[in-house]
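Undergrad: Take a look at this one; I'll ask things after.
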Number of protein chains: 2
Amino acid sequence: MAYDPADPWNPAADRLVLSEGHAVPIVYAAYADLGGAVGKSREAARPLGVADVDGLRTRESELDGHPNPGEGFPFFDAATGSLGQGLSVAAGLALAARLDGSPRRIYAIIGDGESREGQVWEAADFIVDHKLNAVCAIFNCNGQGQAGLVSKQQSAERITAKLEAFGWKTATIDGHDPAAIEHALSQAGRSERPLAIVARTVKGWGSPELQEGNWHGKPVSANQLEAVCEHLRENVANLTRESGGAGAVDLRPPAPPKLKLEPRPSPAEAAWPSFEEAMAAGGFADVVKKGKLATRKAYGAALKVAGDLLPQVVCLDADVSNSTFSEIFRDAHPERFFECKIAEQNMVSAAVGLSAAGRIPFANSFAKFIARAYDQVEMASISRANVKLVGSHAGVTLAADGPSQMALPDVAYFRSFASVRGDDRSTPLCRVYLPADAVAAYHCTRLMVERDGLCYMRTLRPELPLLYAAAARFEPGGVQTLANGDDLAIVASGYMVHEARRAMELLASQRIRATLIDAYTLPIDPERLLEAIPSARPGVARRVFVVEDNYGGGVGAEVAEICAGANKAGEAPICVRTLHVQCIPKSTLTAEDALDYAGVAAPQIADHVRALLA
Amino acid sequence: MAYDPADPWNPAADRLVLSEGHAVPIVYAAYADLGGAVGKSREAARPLGVADVDGLRTRESELDGHPNPGEGFPFFDAATGSLGQGLSVAAGLALAARLDGSPRRIYAIIGDGESREGQVWEAADFIVDHKLNAVCAIFNCNGQGQAGLVSKQQSAERITAKLEAFGWKTATIDGHDPAAIEHALSQAGRSERPLAIVARTVKGWGSPELQEGNWHGKPVSANQLEAVCEHLRENVANLTRESGGAGAVDLRPPAPPKLKLEPRPSPAEAAWPSFEEAMAAGGFADVVKKGKLATRKAYGAALKVAGDLLPQVVCLDADVSNSTFSEIFRDAHPERFFECKIAEQNMVSAAVGLSAAGRIPFANSFAKFIARAYDQVEMASISRANVKLVGSHAGVTLAADGPSQMALPDVAYFRSFASVRGDDRSTPLCRVYLPADAVAAYHCTRLMVERDGLCYMRTLRPELPLLYAAAARFEPGGVQTLANGDDLAIVASGYMVHEARRAMELLASQRIRATLIDAYTLPIDPERLLEAIPSARPGVARRVFVVEDNYGGGVGAEVAEICAGANKAGEAPICVRTLHVQCIPKSTLTAEDALDYAGVAAPQIADHVRALLA
């Protein structure tokens, strides 16, 4: 690797993704030998010392149990340790390097047992599709897993055969022979095909007393330690030129080239066009005249504008760009659009790599299929990645395709991340956007771009009428009050805002008047929500009804937690009732029928509201 | 396929898993021609008629938009439509067939674009590992995806090469040549290796006007229809013996053999041993004497007992059986233990196949890595599968390994499923178990076995003191009251029950006395929770504090929703405050330090309680 231990931020330096994250102590030890820079920012950096290694896994240490750049180890680009994700991160780094004109190579070390994870093979396909020959994959084949031996399906021979079948060039070597390692590495990037090095290794190598037995996760005992170290010192001296040895290999890293990236415009200072201009640029010039547009289409147009304004915005999709409408971005910025095909796990981890290299990646699929990558989403959060996830066809209003295509627990899942604070200890780890119309979708896309951190947006299949004036104001934590009524507040988001309006028409005939609150983002600022709820009348509780087109734990739980926490003795209690999808949905021909089947259609909302007021 | 259209429940009949679920209309049409049985149970079955096909995707129809046995189409074993999962389901069916002594073959049809999903290759490894040669995989290579052409990485040639490298026998054929199809199928099960048929196909085949262009998800126009049908009729007559044709192939299914399975004992009637006997049988004879045991160990012993009592209980693990303690089951019942290696997606979908064949599968990994298969979990729920998921090392008390190994949004995710009702419209779609000690873990395992439906249990790494007498009573929806105090209720589960007890010791010095509620399962029966909360004193709100060692949206949201819904005018309001992990965790050396870093340790709980009472 060409890199400068003092400057892990150099965009031309080579990178290592340690996909088998549990092997990280050896990297910490080597980095300490080199005095590599650690710290949460360039300004706070200091060289790692050998004594620091004793702090491994302690609360104060940058040396977390698994690779974790978020705790101040900038040698790494992404948190690993949940296996099988590193090669995808390497692919994302390679995409960014190509855009940047950087000559960097990206090395990824993958365990043999780890290569059982299907995502490794998604990444193998993706790297060939996009000719990312800057990636060099190294498979560490020691044959030992946690609970037993690695399957023969993950033997060095089988892994080599698989890689060849996937279109890779392979080199199978003795992973303890420095000359063989050096020669194999020298072949990286020299072929039309990406290079994978399949290294046969032995756990406990170099020490005869350790080479037998399973050492997975077990330290050497104190009384064996000195003998083992002595064996290793001899081997190092014999095999390398380190410490005056006679071996073939020099272990000092060569210096990387210099590369200065173009300064990028600040997302906060971008001059966004008006809603109408943006929609027209995306092919929806008649949106205001027609008075309706699907939120997924408005998002597609907004994303294209983001790409116009900010060269760091990039886009990934999983073979559904004609459904998510990321195709509008693709047509405008083809060099920044990456087709991932039907492999969502690789898509999300590649987005983490792009983010680590300074890009703002938007990863798109049906909201249901984003769930395929929820573990990768969590690893993105631990990596502090600036990844934007956009799921289309959310909720039950997709209707005819049935439940296998509907996102249902997604709001609860992402709300869980939204409940936690980011490193600044004030803003949330994740923000969730649930736009109810095209105007909201446009502004929520802008909010996602402006925010540095994980975001999730839900878009909808149906065409929906516009609710907002083009210049309506949307803010992090905000709510919109769409109607005022004294009897209760109805809180909804996305499609359910429209459904709640229909319910309010039904209730109006009984003179029930509700305040309608559009909760277009999570987390909700508690003060803004509480202000928007009608005040109490004598002898009556303040009443709130929340309805959503997903399984429970989303907006309803958010509102219930805020309101239940605000109750005080001597004040009128706040009573919150929540309604969400009641059963596993099935195919229906219309969105309205899907909502009725799920128990959340307008007449059902009206019934629940009447029961709440009774 | 050998099967009887009138009896899709025959355990010896061959099965088809249509992994590329969007192709289901052709199966419905063929099944209608054969008058195949539809209905949600054998008793409610009726033959499908040709006229029923017009009901495709309507609310009343068994013919859902994608394969969905839950709506009454028992020809299928699992819901598909989220791509890449069917081959794993087929593997699970094959495991069950072997245990049953059934000669059935299991055919799985997989799209070319679909085979980009890594899970397909996890299944390919698993099928070879377990020699599941009853599975015959058919790859349908038409080259068309949704947003564009299928990648060359998924060409028939490349798929064939990959399958060979994975250790499969392959046959590449013209997918429109009945004789070639019949010959290829005749080879299934005749080799030491599983067979994959790679079929080159043309979308719109048989009709010259349709063979060009992309027909993904698009119906034929009305004015083309008659000409297209005429072409197809000619082709069918030429290629088959159907309708008096001269072709080589007979399309009528051969009759399956008869097979009568041993009747299985009812899980509800199993005679479970006492806690102490069960623990002793699992190797923890000294648990009561020592007074402590990790919940993961108690679960492992309980699972072994379940296997002793019920031959239908089977177990899957993902290379961590020495951490989850499913190894106790493995050692006792090796023929019912299936090592899945590091491939959680395949593990969960294989469990769905086992469940469809009448088994009760327990799938185990670290709780964090169960998240790798959350989309498969959702498909299991749509399949109405009786799958039990058990995640160990949950929450932050795993400590030293760091956040990549900690389950954090898991309670919110599974609570979302627990909020929805199952097909009986009374019990929840999923139950979540959060045992705080070994006794609770034992009884929760029993509850999981007794319940027919999706379950999730969280177990913990640390050794924990026993809280309960061996005969303590645990019930669906129940809570346990561990202490009584008038000032407030503290609700906790799992490790946090112990932490709450420590907080109560700190509070006792200030004469603050709390009722301690162990919420060991979700959903909580609202009445039981409300009864357990101390009643109001004059002029004071009823106060509840909830603490959990995961991200938000779990027990706190459950309690807040119940209490916020119970508030009434004229009664003392219930004020609920929730506390959960506040930030992304990092490695620490001890569980206590991890809790403190996350903001949920005993002194912090005590501070929050004092603030609530102030």
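Undergrad: Go through B:533-543, B:354-364 and give me the packing order, highest mean Cβ count within 10 Å leading.
TA: So the order, starting with the most tightly packed, is B:354-364, B:533-543.
Undergrad: Name the residue from B:Y3, B:L259, A:Y374 whose Cα lies farthest towards the positive end of the charge dipole of the protein assembly as shown, charges +1 on Cβ of Lys and Arg and -1 on Cβ of Asp and Glu.
TA: A:Y374
Undergrad: On to the next question. Between A:D177 and B:A472, what is the label-point separation in nm under the 7 Å Cα-to-beta-carbon projection?
TA: 6.1 nm
Undergrad: Taking the Cα-to-Cβ direction at A:S155 and at A:E450 and moving 7 Å from each Cα, how far apart do the two end points lie in nm?
TA: Result: 6.0 nm between the two label points.
Undergrad: Which residue, A:P194, A:G204, A:W272, has the largest displacement toward the positive end of the dipole of segment A:183-329 when charges sit on each Cβ (Lys, Arg +1; Asp, Glu -1)?
TA: A:W272
Undergrad: Another question, then. How big is the dipole moment of segment A:1-147 about its Cα centre under a simple scheme where the beta carbon of each Lys and Arg is +1, that of each Asp and Glu is -1, and everything else is neutral? Debye, nearest 20, please.
TA: 220 debye
Undergrad: Still on this structure, please answer the following. Please give the net charge around B:I533, taking every other residue with its beta carbon less than 12 angstrom from that of B:I533, where Lys and Arg add +1 and Asp and Glu add -1.
TA: Within the 12 Å Cβ shell, the charges total -1.
Undergrad: Check each of the trypsin sites (Lys or Arg not before Pro) in segment A:502-533 and keep only those in coil by DSSP with at most 13 other C-beta atoms within 10 angstrom; list them in order.
TA: In loop regions of segment A:502-533 (DSSP not H, G, I, E or B), the sparsely surrounded trypsin sites (Lys or Arg not before Pro) are A:R511.
Undergrad: Quick one: check the C-alpha center-to-center distance for segment B:364-415 versus segment A:284-306, whole angstrom.
TA: 38 Å
Undergrad: Only helical DSSP H runs with n ≥ 4 go in: add -39500 (n - 2.57) per run for chain A, normalise by residue count and round the 222 nm mean residue ellipticity to 500 deg cm²/dmol.
TA: -10000 deg cm²/dmol
Undergrad: Also, quick follow-up: If you line up the long axis of helix B:86-100 against the longest principal axis of chain B, both from Cα atoms, how many degrees apart are they, to the nearest 10?
TA: 80 degrees
Undergrad: Based on the Kirkwood radius over alpha-carbon pairs, what is the Stokes-Einstein translational diffusion coefficient of segment B:33-114 at 20 °C with 1.002 mPa s viscosity, in µm²/s?
TA: Result for D is 151 µm²/s.
Undergrad: Expressed in nm to one decimal, what extension gain is obtained for the pair A:A614 and A:E212 from 0.36 nm per residue of sequence separation less their Cα-Cα distance?
TA: 137.3 nm
Undergrad: Gain in length, A:S266 to A:K290, computed as 0.36 nm per residue apart minus the alpha-carbon separation, to one decimal in nm?
TA: Additional length available on full extension: 5.2 nm.
Undergrad: Based on the alpha-carbon set only, what is the convex hull volume of segment A:278-330 divided per residue, in Å³?
TA: Value for segment A:278-330: 63 Å³ per residue.
Undergrad: Then there is this: How crowded by other chains is A:545-554, given as the mean number of beta carbons from other chains within 10 Å of each beta carbon?
TA: Counting other chains' Cβ atoms within 10 Å and averaging over A:545-554 gives 5.
Undergrad: Please state, as a whole number in µm²/s, the translational diffusion coefficient that the Stokes-Einstein equation yields for the protein assembly as shown at 20 °C and 1.002 mPa s, with Rh defined as the Kirkwood radius across alpha carbon pairs.
TA: 69 µm²/s
Undergrad: What translational D, rounded to a whole number of µm²/s, comes out for segment B:575-614 from Stokes-Einstein when the hydrodynamic radius is the Kirkwood one over Cα pairs, at 25 °C and 0.890 mPa s?
TA: Diffusion coefficient, whole number: 226 µm²/s.
Undergrad: A follow-up question, please. Which listed residue (A:S326, A:S102, A:L398) has the Cα farthest towards the positive end of the charge dipole for chain A, taking +1 on Lys and Arg C-beta and -1 on Asp and Glu C-beta about the Cα centre?
TA: Farthest towards the positive end: A:L398.
Undergrad: To continue, here is another question. Treating only the Cβ atoms of Lys and Arg (+1) and Asp and Glu (-1) as charged, compute the dipole magnitude of the protein assembly as shown about its Cα centre; round to the nearest 20 debye.
TA: Charge dipole of the protein assembly as shown: 1180 debye, to the nearest 20.
Undergrad: Further question: What angle do you read, to the nearest 10 degrees and between 0 and 90, between the alpha-carbon axis of helix B:156-165 and the longest principal axis of chain B?
TA: 60 degrees
Undergrad: Continuing with the same structure: Quick one: check the C-alpha center-to-center distance for segment A:427-475 versus segment B:1-43, whole angstrom.
TA: Answer, in whole Å: 44.
Undergrad: For chain A, find the longest principal axis of its Cα atoms and tell me its angle to the long axis of helix A:602-613, 0 to 90°, nearest 10.
TA: Compared with the principal axis, the helix lies near 80 degrees.
Undergrad: Taking every pair of Cα atoms in chain A, average 1/r, invert it to obtain the Kirkwood radius, and report Rg/Rh to two decimals.
TA: Result for chain A is an Rg/Rh of 1.04.
Undergrad: By its C-alpha gyration tensor, with a ≥ b ≥ c as the square roots of the eigenvalues, how is segment B:328-428 shaped: rounded for a/c under 1.5, else prolate for a/b larger than b/c, else oblate?
TA: Since a/c reaches 1.5 but b/c is at least a/b, the shape of segment B:328-428 is classed as oblate.
Undergrad: Can you give the charge dipole size of chain B about its Cα centre, rounded to the nearest 20 debye, using +1 on the beta carbon of Lys and Arg and -1 on the beta carbon of Asp and Glu?
TA: Approximately 1080 debye in magnitude.
Undergrad: Going by Cα centres, segment B:46-84 and segment B:492-560 are how many Å apart?
TA: 45 Å
Undergrad: For the pair A:A483/B:W9, report the inter-label distance in nm, with labels modelled 7 Å from Cα in the Cβ direction.
TA: Placing both labels 7 Å beyond Cα along the Cβ direction yields 4.9 nm.
Where a number appears in this text, it was derived from the coordinates with a stated rule and is not lab data. What you are looking at is a predicted structure, and each value in this text was computed from that prediction instead of being measured. When we count neighbours, we look across all protein chains shown, and the Cβ atoms used for this are built from the backbone with ideal geometry, even at glycine.
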